[in-house]
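Encoded as structure tokens, the structure appears first; notes follow it.
The values are calculated or read from the model by the stated rules, or taken from the named source; none is laboratory data. Because the structure is predicted, anything quoted here is derived from the model rather than measured. Cβ coordinates were reconstructed from backbone atoms using ideal geometry, including for glycine residues, and neighbour counts include every protein chain displayed. Note: accessible area is taken over every heavy atom of the protein model, side chains too, but ligands, DNA and RNA are not part of it. Shrake-Rupley method; radii C 1.70, N 1.55, O 1.52, S 1.80 Å.
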Amino acid sequence: MTALTGTLLYRGDPERGALWAQCLQRAAPQITFRQWPQAGLPQDVCPQEVRWLAVWQPPADFAAQFPNLRLVFSLGAGVDHFDLAALPAGLPLIRMTEAGLAAAMADYVTLAVLALHRDFIRYGAQQRRAEWQEHRVVPAAGRRVGIMGLGRLGQAALERLRPFGFPLAGWSRTPRALDGIETFAGEAGRAAFLARTDILVCLLPLTPETRGLIDDRLLAGLPRGAALVNAGRGAHLDQPALLAALDAGHIRAAVLDVTEPEPLPPDHPFWRHPAVWLTPHIATQTDPEAAVRQVLEAIARHEAGLPVEGRVDPARGY
Ligand code: NAP
Ligand code: GLV
């Protein structure tokens, strides 16, 4: 795909890094792959040779450390772990957009929405109390699902939910038109979006505008008995506000894939709350083989002076 030579330095989960190494070796053997160990740079990495950096947690001074960087890749779809203000102008940051990420997120959101729709969290809590108690089955047409964030992941989740017959809606920063889906945008559209949403799913990026967005005001804007799925970032959620809304019965249950911090401390009330399902940030994951394909495509396009898929706009924050 590219005849370019140079070093791609990877800093992330070492097991997945080993898969990156194999995939890159097969697809572009002329690119040198190095994993950045926790303790420091590998001995055999010459900083001047590092042209591409693929990282989850970037070190603060990476641009100074590697003066010949051409592209920086986030190992995930999100880029909130980067200090975007410190990114040198002209050094593109590329996030992962490979199709598997959206497909697995659509699985997760569908599972969570169906579990909430069919009261599985409540039945799980009842089972632990040896309690046999039925609840009314609500038809899908009577359960309105709303997704905050109409990007790659939000749209994929809506498409996957479509056949179930839930009335679907989405909320984004700028107006979006999606066939058969009610859409709302910005501050002006938020209250109406929340008021028509029985199961709220957060698939937003974490930016200064969205940090702490799921607070007591937002939750109060949902109909009584609504449910929440947060698969965006833990810092989107004001945790005491959710606990208060759960305890007051305003929110009936929550599925949380992301928390702040991760993991939560052992005594955090979410761990044992009967109306909370927690998963350890596994809603979706980048597939190493597809990620390497995306990286090689990005390198080739960037070298050819073409626009690169997944390029982050530092001013927008995502
Ligand atoms: P994306 O394609 O960039 O889409 C982001 C969406 O959020 C866009 O529709 C955007 O609006 C909207 N948005 C941004 N700021 C907003 C605001 N202030 N108000 C309203 N809407 C706003 O992102 P993506 O690939 O779908 O990923 C979304 C997020 O999912 C990631 O950033 C990450 O936080 C999270 N994630 C979680 C996991 C997990 O395993 N739990 C895995 C991957 C990603 P516009 O359409 O107007 O631009
Ligand atoms: C994971 O959370 C990601 O951003 O890909």
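Quick look at the values:
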read-out: Helices (runs of 4 or more DSSP H) completely within the range 217-318 that count 2 or more residues being within 16 Å of ligand 2 (Cβ to nearest atom); value: 288-303
read-out: Within the range 69-81, tally of residues that are away from ligand 2 (no atom under 16 Å from the Cβ) and either in a strand (DSSP E or B) or in contact with a Lys or Arg (Cβ under 6 Å, 6 or more places away or on another chain) (or both); value: 2
read-out: Test: residue in the range 263-285 that is of a type in the set (A, V, I, L, M), touching a His at 6+ places or on another chain (Cβ under 8 Å) and within 26 Å of ALA104 (Cβ to Cβ); value: no
read-out: Residue in the range 131-148 that is at positive phi and open to solvent by less than 60 Å² (accessible area, probe 1.4 Å) present; value: no
read-out: Long-range neighbours under 8 Å by Cβ, at least six apart or interchain, first residue farther than 16 Å from VAL201 by Cα and more than 7 Å from ligand 1 (Cβ to nearest atom) within the range 93-108, second of a type in the set (Asp, Glu) and not in a helix (DSSP H, G or I); value: ILE94/GLU309; GLU98/ASP287; GLY100/ASP287
read-out: Members of the range 82-97 found to be within 14 Å of ligand 2 (Cβ to nearest atom) and open to solvent by less than 30 Å² (accessible area, probe 1.4 Å), listed by number; value: PHE82, LEU93, ILE94, MET96, THR97
read-out: Whichever residue in the range 195-212 is under 17 Å from LEU246 (Cα atoms) and of a type in the set (A, V, I, L, M) and, among such residues, is farthest from ligand 2 (Cβ to nearest atom); value: ILE199
read-out: Verdict on ARG51 being more than 16 Å from ligand 1 (Cβ to nearest atom), charged (D, E, K, R) and either outside any helix (DSSP H, G or I) or closer than 22 Å to PRO314 by Cα (or both); value: yes
read-out: Residue identified as modelled with pLDDT of 95 or more, in contact with a strand residue (DSSP E or B) (Cβ under 6 Å, 6 or more places away or on another chain), crowded, with 19+ Cβ neighbours inside 10 Å and of a type in the set (D, E, K, R) among ARG70, ARG51; value: ARG51
read-out: Residue list for the range 263-299, restricted to those being within 16 Å of ligand 1 (Cβ to nearest atom), surrounded by fewer than 20 Cβ atoms within 10 Å (Cβ to Cβ) and either polar (S, T, N, Q) or without any contact (Cβ under 8 Å) to a residue 24 or more places away in the chain (or both); value: PRO263, LEU264, LEU278, THR279, PRO280, GLN285
read-out: Qualifying residue in the range 27-47 (condition: assigned by TED's automatic domain parsing to the domain that holds GLY78, open to solvent by 80 Å² or more (accessible area, probe 1.4 Å) and assigned to a helix (DSSP H, G or I)); value: no
